[in-house]
1. Restricting the search to region 175-196, which residues are part of a strand (DSSP E or B) and either of a type in the set (Val, Ile, Thr) or more than 13 Å from Ser103 (Cα to Cα) (or both)?
2. How about region 41-149: which helices (runs of 4 or more DSSP H) wholly inside it have at least 2 residues that are farther than 27 Å from Val168 by Cα?
3. Of Leu76, Leu20, Leu86, which residue is loosely packed, with under 12 Cβ neighbours inside 10 Å and either touching a Pro at 6+ places or on another chain (Cβ under 9 Å) or modelled with pLDDT of 90 or more (or both)?
4. Only one of these is basic (Lys, Arg), surrounded by 16 or more Cβ atoms within 10 Å (Cβ to Cβ) and not in a strand (DSSP E or B): Arg157, Arg165. Name it.
5. Quick one: is Val142 farther than 19 Å from Asn277 by Cβ, surrounded by 13 or more Cβ atoms within 10 Å (Cβ to Cβ), touching a Ser or Thr at 6+ places or on another chain (Cβ under 8 Å) and not hydroxyl-bearing (Ser, Thr, Tyr)?
6. Search region 23-72 for residues being of a type in the set (S, T, N, Q) and within 21 Å of the chain's Cα centre (by Cα), and hand back the single one that is nearest to Val117 (Cα to Cα).
7. Can Ser130 be described as more than 19 Å from Ala47 (Cα to Cα), at pLDDT below 85 and buried (at least 18 other Cβ atoms within 10 Å of the Cβ)?
Amino acid sequence: MSATPAAGNPARKFHFISGLPRSGTTLLAAILNQNPRFRAGMTSPLADIMGVVMAEASSKNDFSFDVSDAQRVALLRGLVENFYSLQDADAGVVFDTSRLWCSRMQLLHTLFPSVKVIACVRQLAWVLDSMERLVQRQPVSVSKVFRFDTNTTVYSRVEALTDPRGMVGFAYQATKEAFYGQYAQNHLLMLTYESLVSDPAAAMRAVYRFLDEPWFEHDFDHIAYNADEFDARVGMPGLHAVRPKVQSIERQPVLPREVFGRFANEAFWKDPKNNVNQVPIV
């Protein structure tokens, strides 16, 4: 049997994309993919698979006493390396995307001490507004995001999304944990959606500096990415849609005024007093 690409590429780096939904994670991956040295994609199942392995190697399993911490580290690191071993053998840098990664900064640092995590963020009111806009595009169907419940309102949908275990609520709390946590310094970058779409060249140069990678000249007028099959499966077409040209588009909120206003001041990363870990913010 021939060696896997991961075994043949010991210098391959693994970094992670996380943060809030509807905040540019898929756009960032699409831009990064233009660089032939990079491999990035939409949310992968890797973080969920890793969670299952961690649980089964813990006291949940009666035989876990025979698994040392060193074995756990080797097992989990190997899981990441082997997940990508058969893909893009020439890619020297791999980015895995999941909203879970911000809640696992210590784990990632343990597995990959020089790890970099890019957290994509956006004003929370606009995140929720973007989600509601997707819902309103599909008046004759329902989404897995809301557990296929047909008896919802814009108010109940916002409550479901912002619940601590909801799609937005969990990601928001995980991002705050990463931002305030002890592993933020030198390992975390906050990339705002507003900067990425209004000045993508400047934003991406900051990303490259954070990653300590040589600059690649990107084409921000011709971005290619789609995940139509996945989006259709969860009942939310357009969830991972990326427009061909990176640009900022002015729009009016579709959320009721009082709902939008309720979340308009939740951008904790914008207050310099909060940045005790000196996290770079773009």
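1. Leu189, Met190, Leu191, Thr192
2. The helices (runs of 4 or more DSSP H) meeting that bar are 69-83.
3. Working: Leu76 fails: loosely packed, with under 12 Cβ neighbours inside 10 Å; Leu20 fails: loosely packed, with under 12 Cβ neighbours inside 10 Å.
The conditions single out Leu86.
4. It is Arg157.
5. Yes.
6. Keep residues of region 23-72 that are of a type in the set (S, T, N, Q), which gives 23, 25-26, 33-35, 43-44, 58-59, 61, 64, 68, 71.
After this cut, where a residue has to be within 21 Å of the chain's Cα centre (by Cα) as well, the list is 23, 25-26, 33-35, 43-44.
Working: Ser23: 15, Thr25: 12, Thr26: 15, Asn33: 17, Gln34: 19, Asn35: 18, Thr43: 14, Ser44: 15 Å.
Here the answer is Thr25.
7. Details: more than 19 Å from Ala47 (Cα to Cα): yes; at pLDDT below 85: no; buried (at least 18 other Cβ atoms within 10 Å of the Cβ): yes.
Criteria not met by Ser130.
Condition check ((1) under 28 Å from Glu213 (Cβ atoms); (2) without any contact (Cβ under 8 Å) to a residue 24 or more places away in the chain; (3) aliphatic (A, V, I, L, M)) across all residues:
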residue	(1), (2), (3)
Phe83	yes, no, no
Arg99	yes, no, no
Pro113	yes, yes, no
Gln123	no, no, no
Val135	no, no, yes
Asn151	no, yes, no
Tyr155	no, no, no
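The values are calculated or read from the model by the stated rules, or taken from the named source; none is laboratory data. Since the structure is predicted, the reported quantities are computational estimates derived from the model, not experimental observations. Using ideal geometry, Cβ is built from the backbone for each residue, glycine included, and neighbour counts are taken over all protein chains shown.
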